[in-house]
Each structure stands twice: as structure tokens, then as C-alpha cells.
Amino acid sequence: MTTIRLVVTRHQCPHCRRTWAKRSAATTHVARCWQNPETRGCKTCTHFEPADPDGPYPEHPGWPESCDQERDLTTGLRTNCPSWQQPTT
């Protein structure tokens, strides 16, 4: 018995590399992707501080991601933030 070759088309986000079978789902995602600078989201902002897995001592679980503009990221990340600034590279 032989196998049959199957070609599958996937649509990939250019920012976070996730993929979808439907182009419309991928397009919807790109418009709100946390890694897309055009959404002006927390993860592409100069004020974003990523999670740190190392705490100050072994029993501490580490520090969660945060915003140095005093935004509360425990309730969720934001897009279209008025304090968003492009990171300098």
C-alpha cells in the first residue's frame, strides 16, 4: 500500500508565527496580534516589562509581566493604549 501526498495551505501571522487553515481567521488575528506594532499593544511598547521567571529568592515564583506606566496588566494586556511608545532599537 502506498501513501497519498497531501498538500495543505496554512496562513501564518507575520508577527507571532501562529497559523490558521482559514485566511479570514489569520487576517482577524493579525489585526489584534500582541506582537504587531500597528495594534499599539503592551508587548510592542517601550514601557512593557516582560515576565521574569527568577524571583529574589528560590521560593519566590518570579515577577509577572508589567507596565512601567502603572497600567494593571493582571487584568489583561491592552491594544491602542494612549501611553504606547515605539521601543528604541
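Is one or more of the residues making up the range 71-82 assigned to a strand (DSSP E or B) and modelled with pLDDT of 75 or more? If you could, list the steps in order and put the result at the bottom.
The first filter runs over the range 71-82 and keeps only residues assigned to a strand (DSSP E or B), leaving none.
For the range 71-82, residues assigned to a strand (DSSP E or B) and modelled with pLDDT of 75 or more: absent.
Does residue 40 fit the bill of being closer than 20 Å to residue 65 by Cβ, of a type in the set (Lys, Arg) and either modelled with pLDDT under 95 or assigned by TED's automatic domain parsing to the domain that holds residue 76 (or both)? Spell out how you get there, then give the answer.
Details: closer than 20 Å to residue 65 by Cβ: yes; of a type in the set (Lys, Arg): yes; either modelled with pLDDT under 95 or assigned by TED's automatic domain parsing to the domain that holds residue 76 (or both): yes.
So residue 40 fits the description; yes.
Among the residues of the range 23-56, which ones are within 17 Å of residue 12 (Cα to Cα) and aromatic (Phe, Trp, Tyr)?
34, the sole residue that qualifies.
Would you say residue 17 is touching a residue at least 40 places away in the same chain (Cβ under 8 Å) and not assigned by TED's automatic domain parsing to the domain that holds residue 76? Step through it out loud before you land on a result.
On the way: touching a residue at least 40 places away in the same chain (Cβ under 8 Å): no; not assigned by TED's automatic domain parsing to the domain that holds residue 76: yes.
No; evaluated as a whole, the condition is false for this residue.
The values are calculated or read from the model by the stated rules, or taken from the named source; none is laboratory data. The shown structure was predicted, so the numbers you read here are calculated from the model rather than taken from an experiment. All Cβ positions, glycine included, derive from the backbone under ideal geometry; neighbour counts span all protein chains shown.
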